[in-house]
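In what follows, a structure is listed as structure tokens, so that the remarks can point back to it.
The values are calculated or read from the model by the stated rules, or taken from the named source; none is laboratory data. Since this is a predicted model, take the numbers as computed values, not measurements. Quick reminder, even Gly has a Cβ in these numbers, built from the backbone with ideal geometry, and neighbours come from all protein chains shown. The accessibility values were calculated without ligands, DNA or RNA, using every heavy atom of the protein model including side chains. Shrake-Rupley method; radii C 1.70, N 1.55, O 1.52, S 1.80 Å.
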Amino acid sequence: MQNNHSTRARTDLLRDVFFSPKSAFESYFQKPELGGRDLFVTHLSLAVLGILSKFVSNLIQIFVFKVTSTDEETNLTLFQGVFSVFAFYVLMIFAFRLLDSFRLYHKMRDRLKDWDGPEPHVFTISFLPFTSTAIFWILPPPFPLLFIGIGALYSLQLSYMYLSMIRHWTTAEFFFFFLKAILFFLFLSFFPLLVYNIFRTVSF
């Protein structure tokens with residue numbers, strides 16, 4: 001029964017993100033049956049849709065090519081790009097979680113005035129539309145990339161809407177936060193490369 005309530009709550013959250021964004025944040029923070037695990041499962045379920053969509057897209061393209069051309073065979077396979085699409089969305093899911101963690105700790109706060117601290121998972125909720133673009137991989141290129149761009153812009157708008165209303169962030173604060181976040185992610189990507197280059201230099 002609890003799993004049914006949790007599934008229903010995740011479905012309602014995903015619907016509200018598109019049709020009632022303010023309610024989406026309220027329903028997440030006010031419903032005890034929703035937590036970080038539910039957000040991860042929702043994102044992961046949408047990423048799995050990317051696998052199915054890309055597979056169906058490959059199937060359709062192969063079928064269309066065989067019907068319209070009899071001279072040569074297509075190099076496209078059923079599983080081409082399928083797992084790359086899934087890996088892309090899984091990587092982005094972890095990036096959203098890191099972005100929320102960075103947001104929680106990037107500012108010093110007065111615990112006497114704000115003991116509970118900022119609300120968690122704001123970006124993880126806001127970027128549900130971005131992960132939802134996985135379904136558009138059923139379309140031929142470049143339409144999936146177009147919808148990914150639209151999903152990213154809408155997700156940024158959702159996160160700004162919430163932070164400006166609840167945390168009173170200005171446009172400048174939101175912009176500079178993302179500049180800091182970009183530097184943070186660049187550092188995370190630079191560190192493994194640095195270790196690898198040191199290891200390669202020493203070994204060879």
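How do 164-174, 91-101 rank on mean C-beta neighbours within 10 Å, highest first? Walk me through the numbers before you get to the answer.
Working: 164-174: 12.3, 91-101: 17.1.
By packing density, highest mean first, the sequence is 91-101, 164-174.
A full extension of the chain between Gln30 and Thr170 corresponds to an added length of 47.9 nm, given 0.36 nm per residue minus the alpha carbon distance. Of the residues Pro21, Pro142, Pro120, the one that moves most in a GNM of the chain with alpha-carbon contacts below 10 Å is Pro142. Site pair Ser20 and Thr77 shows an inter-label distance of 4.7 nm when each label is modelled 7 Å from Cα along Cα→Cβ.
Accessible area per residue for the chain is 65 Å², calculated with a 1.4 Å probe on protein heavy atoms, without ligands, DNA or RNA.
Is it possible to state the helix-based mean residue ellipticity at 222 nm for the chain, with each DSSP H run of 4+ residues giving -39500 (n - 2.57), the sum divided by total residues, to the nearest 500 deg cm²/dmol? What is it? Calculated from helices alone, the mean residue ellipticity at 222 nm is -25500 deg cm²/dmol. Rounded to the nearest 20 debye, the dipole magnitude of the chain is 460 debye, with +1 charges on Lys and Arg beta carbons, -1 on Asp and Glu beta carbons, and the Cα centre as origin.
Test of understanding: what is the full-extension gain from Leu179 to Leu194, defined as 0.36 nm times their sequence separation minus their Cα-Cα distance?
Numbers: separation 15, 0.36 × 15 = 5.40 nm, distance 2.21 nm.
Extra length available between Leu179 and Leu194 comes to 3.2 nm.
Among complete DSSP H helices in the chain, those whose alpha-carbon atoms stretch at least 27 Å along the helix's long axis and whose mean Kyte-Doolittle hydropathy reaches 0.0 are 36-68, 82-105, 143-166, 171-203.
Counting only protein heavy atoms, what percent of the accessible surface of the chain is carbon or sulfur at a 1.4 Å probe? Within the chain, the accessible surface is 69 percent carbon and sulfur.
Under the definition of Cα pairs under 8 Å and six or more residues apart, what whole-number percent is the relative contact order of the chain? Please report the intermediate quantities before stating the final value.
Values: 165 pairs, mean separation 42.2, N = 204.
Worked out over the chain, it gives 21 percent.
What does the C-alpha gyration tensor say about the overall shape of the chain? Classify as rounded when a/c is under 1.5, otherwise prolate if a/b is larger than b/c, or oblate. Taking the square roots of the gyration eigenvalues as a ≥ b ≥ c, the chain is oblate.
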